[in-house]
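Accompanying notes for the structure given below.
The values are calculated or read from the model by the stated rules, or taken from the named source; none is laboratory data. Everything numeric here is computed off the predicted structure, so don't read it as measured data. All Cβ positions, glycine included, derive from the backbone under ideal geometry; neighbour counts span all protein chains shown.
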């Protein structure tokens, strides 16, 4: 069994760095403790070792595909999917009254991360089922909840989110699926949805689609969109009957080929019934209340894949002899045997880069989930504070592990040389798989508009002020250790630079030049994402330094020193990027707004 | 027929920017002129349109593969391979006396680029045949030349380069294939070679392998390596007989799946004969004299794939409506129909980035090939000058289009949103294909060691001084136009920064700290490659400005304005990266050299 993630590092970040145990003092989470969480993680790790990792390569080689009206997925899912239910991967974060375990999202996310590092084709199935069930549990009537939620939490029934339509893409104001009221209180649904992950397969006895549609006569744009529960098979007493949801085809993809992506047609025979969730015309609002969860999940996937790729390339670097180290004459000593490639500086650089991206992103993931949980259980000003912090970090978590994760995985592939490009090694699979993460649930461009256009500016910059305070706290703690002071200073300088860039850009918004304001939003994402990761690394290193100084060591000395070293690596090799990005963003030349004459030829 | 490259832009760079016609005044090239070259290009474009592009997707979907001792390639190659010979794609750069056309490499490279943009699975076959034939023509005896070269130039016989062995990888000093002298003046060859591109297939009646091996008793390391001509079938009078070259398998790859990659076993039955090329123990030297050509060819592939991907995403952006532009209220006007996505700033940014990378790399490719040709035909100090310039630019051309090409293609894929990840669109294929370019013919790490460790320092920095003069000439010409002055100034600043960085790094070499000197060579490659592209863009823009000012226009006004605009884009969005890279390289902290304690965990 190859190593695909580190339980030690996960526990370190969760308990030592984020102090995740703080959550157990809140009433909602009081039945959990560190021991019970560790037992939960161990059960997920065993399941991942025994069931998920062994079929990871095969799911890619034998991809999910459409065959005669049906989607055929890998047969291992027959056993795996119910186990995801039994282990609590769907139910964990739900309320007790809905059949859940009231587990903090922080810990649920950590558990899903383990499974996803083992096999990123699988967690999407229980993940989307949980997301859909959460919508029903939160906004649905008592009847809808009773009808659907219990079977979904066991993963006996699957769930999906149906947003995208062929003609609209990310522009949800343009969706055209219709909902016509019918006599029995339900609606007749008619329309097509594409890119529906987990949309059909034979190992769930029913699949519950959460569908965005327009009720006849609804206002144009996003204000006229409602959300419907549309089962593949509708409940008729004790039986399930066909609900006119047709699987018209699938999308064959470059990566994540074990996770089916479908094209669904609702109501081709005018016999597709849907049930309104919550109030009419509030559909998009409901959907977006769940969107943070979906975006945190995509971020998690990026973290998981870059982590697994890191360990795969590290193993290779530790086993493969090639070449010799340069001596101080500038020559190589041919009388020596070949050295392991991990001893070459450029290979070490690529390994540290991967480690810096993967472990830093893991910290960001747990930090964001922690803010989510604290927001959920806090009150008053605290609640608001954590709300802003979660809102600000979510698009970054969605994006950084996806974008820098690609760079990271590509460096892993590079370490294997020509073998990295060959199908017999796993790196090329990770390389293909991770590419989807910057597209799922709003592309990087859309996340960047969200970050700069909404989150940075909301409530007069409140979120930015709060994150500044959080970073300030980390800087103060780091400053208690001489070794860390130079990096605390660098982070502080980056915060000043951020203030300058934000001031420059928001100046355009104040002048009403909104297109100009947002035209380099993607650069701002890259810029601020790098700084946020720098903050997380300073936090990781400070906790490590503290352990080394106090001697209160949960891990080996090398483990802690490695954290500090990797932090230094991040500040030497990644943080300086922000200089160029700031320069580009504050350049007054305007080159990407549409002009009279088209110059892209 | 989708557009995959621009004949207008190619001609503009070749004739207007590089003034390629200057080559025709040299005796070697005197039989060619602009018209004959354009006719040649048109014939290659027709062939590419009619034969290469139509089977590009299919070659990926039905990859070359090993089957029962044989390699099966796409059947379209049966017709295509002889045509590459007939059209002169192998023979063009060879001497008349060897059956060639004495065409400058600059123009041959341009022609291969056209074919490669249409289908990057194909040009490797004639490309390697030409490379192998060139080795025989240059270093072989009269007999060897007569036996092999003519059939190779028609591509009736294929050719390969056999360097890599399983246990040695890039470390050629560790190869173990043996050559034992036999009675008839030939050698018995025994050993295994992997990653042999074009190593076997049914559409060449013979394949001529150029094999690195050690003659029994040869010195250790690279000084004991000789080069052998080892045909798949040896010549026996008028017949060909089996030469004990076994195809043991192939490598299935993530991309470029139509181009076979094989594992060959020589002499398993002690009956494989090879003929020594040139002198014993000079094999690596010969091979490396041809290596510049191979590296220019890989650079060309990167240029070709990023060009084709650019046009594919541009077409999509021009056809796909989605969303609306932001108005000056910060809102979108829903009463308007959707806009084409090319009108969104972030999409425009991604398109300009692709254009900047693809067209700038094309210029670098032709610039490097031009220096090669000028080196070949010049004399005295001029000859030396062009030698240094070619040596310096070659690792950059090998690397920049490969590395930034990946970023460029990935941005193209991103423009298509979720569709970009789907097999039904071509972008994902380009994304997979281009990934090999930073591995072929020496990885990016190896090219970077070559650039910083050899080329920058050779003859006391002569090559750097010469490139400085070339850049200076471009800056002077740009300075005659007010619009271009700010960019000329920026390039000049970048040259100063380069001097500073090189001074800092070579300081370590002077102290004998060679590992430290070269530990960030890959960053230096990224840094200096970006500056070299900035130079090429200033050159492209200066020629465009000149055409606009003089009215001597070979292209439309929009074409020239687009060149100037894209140059500005490059200076705003790419050049600033060098600031961070310089900062990282001149940081005094040492973090990637092997230490006592291993901290990569």
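Within the stretch A:535-546, is even one residue within 30 Å of residue B:592 (Cβ to Cβ) and modelled with pLDDT under 95?
No, the stretch A:535-546 has no match at all.
Could you tell me which numbered condition residue B:356 fails, if it satisfies all but one of (1) buried (at least 23 other Cβ atoms within 10 Å of the Cβ); (2) in contact with a strand residue (DSSP E or B) (Cβ under 7 Å, 6 or more places away or on another chain)?
Only one criterion in (1) buried (at least 23 other Cβ atoms within 10 Å of the Cβ); (2) in contact with a strand residue (DSSP E or B) (Cβ under 7 Å, 6 or more places away or on another chain) is unmet by residue B:356, namely (2).
Would you confirm, using the coordinates I've provided, whether residue B:575 is assigned to a loop (DSSP other than H, G, I, E, B), within 29 Å of the chain's Cα centre (by Cα) and within 11 Å of chain A (Cβ to nearest Cβ)? Walk me through it before giving the result.
On the way: assigned to a loop (DSSP other than H, G, I, E, B): yes; within 29 Å of the chain's Cα centre (by Cα): yes; within 11 Å of chain A (Cβ to nearest Cβ): yes.
Against the criterion (assigned to a loop (DSSP other than H, G, I, E, B), within 29 Å of the chain's Cα centre (by Cα) and within 11 Å of chain A (Cβ to nearest Cβ)), residue B:575 qualifies.
Going by the structure shown, is residue B:225 surrounded by 19 or more Cβ atoms within 10 Å (Cβ to Cβ), within 12 Å of another protein chain (Cβ to nearest Cβ) and touching a residue at least 40 places away in the same chain (Cβ under 8 Å)? Give the steps one after another, and end with the answer.
Details: surrounded by 19 or more Cβ atoms within 10 Å (Cβ to Cβ): yes; within 12 Å of another protein chain (Cβ to nearest Cβ): no; touching a residue at least 40 places away in the same chain (Cβ under 8 Å): yes.
It is false that residue B:225 is surrounded by 19 or more Cβ atoms within 10 Å (Cβ to Cβ), within 12 Å of another protein chain (Cβ to nearest Cβ) and touching a residue at least 40 places away in the same chain (Cβ under 8 Å).
Among the residues of the stretch B:389-427, which ones are in contact with a strand residue (DSSP E or B) (Cβ under 7 Å, 6 or more places away or on another chain) and surrounded by 23 or more Cβ atoms within 10 Å (Cβ to Cβ)?
So in the stretch B:389-427, the residues in contact with a strand residue (DSSP E or B) (Cβ under 7 Å, 6 or more places away or on another chain) come out as B:418, B:421-423.
If the condition is that a residue be in contact with a strand residue (DSSP E or B) (Cβ under 7 Å, 6 or more places away or on another chain) and surrounded by 23 or more Cβ atoms within 10 Å (Cβ to Cβ), then B:421 is the only one that fits.
Identify all residues within the stretch B:496-529 that are surrounded by fewer than 21 Cβ atoms within 10 Å (Cβ to Cβ), out of contact with any strand residue (DSSP E or B) (no Cβ under 8 Å at 6 or more places or on another chain) and within 10 Å of chain A (Cβ to nearest Cβ); write none if there are none.
B:509, B:511, B:512, B:513, B:516
What number of residues in the stretch A:345-389 are facing another protein chain (nearest Cβ under 10 Å) and within 17 Å of residue A:455 (Cβ to Cβ)?
Final tally of qualifying residues: 0.
Could you check the stretch A:515-534 and list, in sequence order, the residues that are assigned to a helix (DSSP H, G or I) and under 16 Å from residue B:349 (Cβ atoms)?
Within the stretch A:515-534, A:515, A:516, A:517, A:518, A:521, A:522, A:523, A:524, A:525, A:526, A:527 qualify.
Can residue B:173 be described as under 22 Å from residue B:127 (Cβ atoms) and touching a helix residue (DSSP H, G or I) at 6+ places or on another chain (Cβ under 9 Å)?
Criteria not met by residue B:173.
Return the only residue of B:328, B:318 being surrounded by fewer than 21 Cβ atoms within 10 Å (Cβ to Cβ), facing another protein chain (nearest Cβ under 10 Å) and touching a residue at least 24 places away in the same chain (Cβ under 8 Å).
B:318
Right, residue B:140: more than 14 Å from every other protein chain (Cβ to nearest Cβ), surrounded by 19 or more Cβ atoms within 10 Å (Cβ to Cβ) and farther than 24 Å from residue B:299 by Cα or not? Show your work before the answer.
Numbers: more than 14 Å from every other protein chain (Cβ to nearest Cβ): yes; surrounded by 19 or more Cβ atoms within 10 Å (Cβ to Cβ): yes; farther than 24 Å from residue B:299 by Cα: yes.
Against the criterion (more than 14 Å from every other protein chain (Cβ to nearest Cβ), surrounded by 19 or more Cβ atoms within 10 Å (Cβ to Cβ) and farther than 24 Å from residue B:299 by Cα), residue B:140 qualifies.
Can you name every residue in the stretch A:195-209 that is touching a helix residue (DSSP H, G or I) at 6+ places or on another chain (Cβ under 8 Å) and assigned to a strand (DSSP E or B)?
A:195, A:197, A:206, A:208, A:209
For the stretch A:551-565, how many residues meet the condition of being more than 8 Å from chain B (Cβ to nearest Cβ) and either more than 29 Å from residue A:485 (Cβ to Cβ) or modelled with pLDDT of 95 or more (or both)?
Of the residues in the stretch A:551-565, 5 are more than 8 Å from chain B (Cβ to nearest Cβ) and either more than 29 Å from residue A:485 (Cβ to Cβ) or modelled with pLDDT of 95 or more (or both).
Going by what's in this entry, would residue A:412 be described as part of a helix (DSSP H, G or I) and either more than 14 Å from chain B (Cβ to nearest Cβ) or free of Cβ contacts under 8 Å to residues at least 40 places away in the same chain (or both)?
So residue A:412 fails the test.
Can you name the residue in the stretch B:415-428 that is part of a helix (DSSP H, G or I) and at the interface with chain A (Cβ under 8 Å from one of its Cβ atoms) and, of all such residues, is nearest to the chain's Cα centre (by Cα)?
Only one residue tops the list, namely B:428.
Quick check, is residue A:124 within 28 Å of residue A:305 (Cα to Cα) and in contact with a helix residue (DSSP H, G or I) (Cβ under 9 Å, 6 or more places away or on another chain)?
On the way: within 28 Å of residue A:305 (Cα to Cα): yes; in contact with a helix residue (DSSP H, G or I) (Cβ under 9 Å, 6 or more places away or on another chain): yes.
Judged against the criteria, residue A:124 is a match.
Do we have residue A:446 as within 22 Å of the chain's Cα centre (by Cα), within 12 Å of chain B (Cβ to nearest Cβ), assigned to a helix (DSSP H, G or I) and closer than 20 Å to residue A:351 by Cβ here? Break it down into steps so the answer makes sense when it comes.
Values: within 22 Å of the chain's Cα centre (by Cα): yes; within 12 Å of chain B (Cβ to nearest Cβ): yes; assigned to a helix (DSSP H, G or I): yes; closer than 20 Å to residue A:351 by Cβ: no.
In short, no.
Test residue B:458 against the stated conditions and say whether it is within 14 Å of another protein chain (Cβ to nearest Cβ) and over 24 Å from residue B:4 (Cα atoms).
Criteria met by residue B:458.
Of the residues B:485, B:490, B:459, which single one is within 30 Å of residue A:329 (Cβ to Cβ) and assigned to a helix (DSSP H, G or I)?
B:459 is the lone residue from the list that is within 30 Å of residue A:329 (Cβ to Cβ) and assigned to a helix (DSSP H, G or I).
For the stretch A:244-254, does any single residue satisfy the condition of being touching a helix residue (DSSP H, G or I) at 6+ places or on another chain (Cβ under 6 Å) and outside any loop (DSSP other than H, G, I, E, B)?
If we filter the stretch A:244-254 for residues that are touching a helix residue (DSSP H, G or I) at 6+ places or on another chain (Cβ under 6 Å), which is where we start, we get A:253-254.
Remaining after also requiring outside any loop (DSSP other than H, G, I, E, B): A:253.
Yes; the residues of the stretch A:244-254 include at least one that is touching a helix residue (DSSP H, G or I) at 6+ places or on another chain (Cβ under 6 Å) and outside any loop (DSSP other than H, G, I, E, B).
State yes or no: is residue A:63 in contact with a strand residue (DSSP E or B) (Cβ under 9 Å, 6 or more places away or on another chain) and assigned to a loop (DSSP other than H, G, I, E, B)?
Judged against the criteria, residue A:63 is a match.
Step by step: first the residues of the stretch A:331-344, then only those that are out of contact with any strand residue (DSSP E or B) (no Cβ under 8 Å at 6 or more places or on another chain) and more than 7 Å from chain B (Cβ to nearest Cβ), then the one that is surrounded by the fewest Cβ atoms within 10 Å (Cβ to Cβ). Which residue is that?
A:335
Assess whether residue A:392 counts as being more than 14 Å from chain B (Cβ to nearest Cβ), over 25 Å from residue B:517 (Cβ atoms) and assigned to a helix (DSSP H, G or I).
The answer is yes for residue A:392.
Condition check: more than 8 Å from every other protein chain (Cβ to nearest Cβ), touching a helix residue (DSSP H, G or I) at 6+ places or on another chain (Cβ under 8 Å) and over 22 Å from residue B:299 (Cα atoms). Does residue B:544 satisfy that?
So residue B:544 passes the test.
Within the stretch B:580-601, how many residues are at the interface with chain A (Cβ under 7 Å from one of its Cβ atoms), within 30 Å of the chain's Cα centre (by Cα) and touching a residue at least 12 places away in the same chain (Cβ under 8 Å)?
2
Cβ-Cβ distance below 8 Å, separation of 6 or more or different chains: which pairs start in the stretch B:437-457 with a residue that is touching a residue at least 60 places away in the same chain (Cβ under 8 Å) and end on one that is in a loop (DSSP other than H, G, I, E, B) and surrounded by fewer than 24 Cβ atoms within 10 Å (Cβ to Cβ)?
These pairs meet every condition: B:442/B:170; B:443/B:170; B:446/B:170.
Name the single residue, out of those in the stretch B:175-193 being within 30 Å of residue A:419 (Cα to Cα) and assigned to a loop (DSSP other than H, G, I, E, B), that is modelled with the lowest pLDDT.
If we filter the stretch B:175-193 for residues that are within 30 Å of residue A:419 (Cα to Cα), which is where we start, we get B:175-179, B:188-193.
Among the residues that remain, those that are also assigned to a loop (DSSP other than H, G, I, E, B) are: B:175-177.
Numbers: B:175: 91, B:176: 94, B:177: 97.
Selected residue: B:175.
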